[in-house]
Structures are given as C-alpha cells and as structure tokens.
Amino acid sequence: MDSEMPSSTAQPRVTSFAPQFLVDDLARSIAFYQKLGFTFSEPWDGFYAIGVLDGLELHLKEAPKNEADRRFRREHEHLDAAAGVEGIEAFYDRCVANGAAVLRPLAPTAWGTRDFYLEDPDGYIIAFGGNPTPGAM
C-alpha cells in the first residue's frame, strides 16, 4: 500500500477576494449597492448578504462598528476598498444618476487614470478608477 499523497503540478490560484463591510442596516446597504449594479440573493439569517457585480463579490454583515474609526478614515481619505473599472466615465455617470454620495468627483490622476470616491451609507470609502475611455473627458 502506497502511503504517499499524489503531488499536484497545478499551481494554486486565488479565485476570489472580497471585502466584508459591517453595516448598520442590511436592507439599506443592499439597496445602495444594487444602485451600483450589484445583485444579491436572499440574506442568510437576516444579517449576512453577498453581492455580485461582474463576477466580483462584496460581503455585507449587519453588526456594530466603531464610529470614531469611520470618522477618522473619512477625514483622512483612507480607503476601505478600491475597484478597477473598464468604462469609468459611464460607471461614474451611473453612480451619480442613482444618487450615490460622491466624496471626490471623477478626475484625472497623476498616473494617467481617472478615479472617484464614493461613501456608502455606513461610511465606507470606495475608490473606483480606470483608464480614460478614448473620446470621453
């Protein structure tokens, strides 16, 4: 009997990496992220939900958070998440049209991309950025 485990030549690959945001009101947060284009299945036990947009996940958990930390992060523009977007101008227009709280409007960066910052209903700061679309500015 051979006790050796078969070796795998396949390299491990991370297939997802998602932030988990603590939120005060799960339904309110789901509604906000749906406006950005996320879809959600039924929340688990009423306190946990996973949103999906273009194959990427966002986890929301209804739980207490530290308000002083949220204030500090906002005052110093510390990001909670950053997302790359193809078609950054159209995505920005969608967010604005759906009433998202824009902290920093879409603008060119020093490194040649364009980005903007949103704040969700729980104070999370999210940067969205991407290469400028030719002809858009």
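The values are calculated or read from the model by the stated rules, or taken from the named source; none is laboratory data. All values reported here derive from a predicted model rather than from experimental measurement. Cβ atoms come from the backbone with ideal geometry, glycine included; neighbour counts cover every protein chain shown. Heads up: the accessible areas ignore ligands, DNA and RNA and are worked out on the full protein's heavy atoms, side chains in. Shrake-Rupley method; radii C 1.70, N 1.55, O 1.52, S 1.80 Å.
Condition first: within 30 Å of Gly135 (Cβ to Cβ), in contact (Cβ under 8 Å) with a residue 24 or more places away in the chain, open to solvent by 40 Å² or more (accessible area, probe 1.4 Å) and not in a helix (DSSP H, G or I). Now tell me which residues in region 35-65 satisfy that. Once the filter is applied, which keeps residues that are within 30 Å of Gly135 (Cβ to Cβ), in contact (Cβ under 8 Å) with a residue 24 or more places away in the chain, open to solvent by 40 Å² or more (accessible area, probe 1.4 Å) and not in a helix (DSSP H, G or I), region 35-65 yields only Leu56. For region 66-119, how many residues meet the condition of being open to solvent by less than 50 Å² (accessible area, probe 1.4 Å), within 19 Å of Asp54 (Cα to Cα) and charged (D, E, K, R)? Adding up the residues that qualify gives 2. Residue pairs whose Cβ atoms lie under 6 Å apart, sitting 6 or more positions apart in sequence or on different chains, and linking a residue in region 1-27 that is modelled with pLDDT of 90 or more to a partner that is part of a helix (DSSP H, G or I), are Val23/Ser29.
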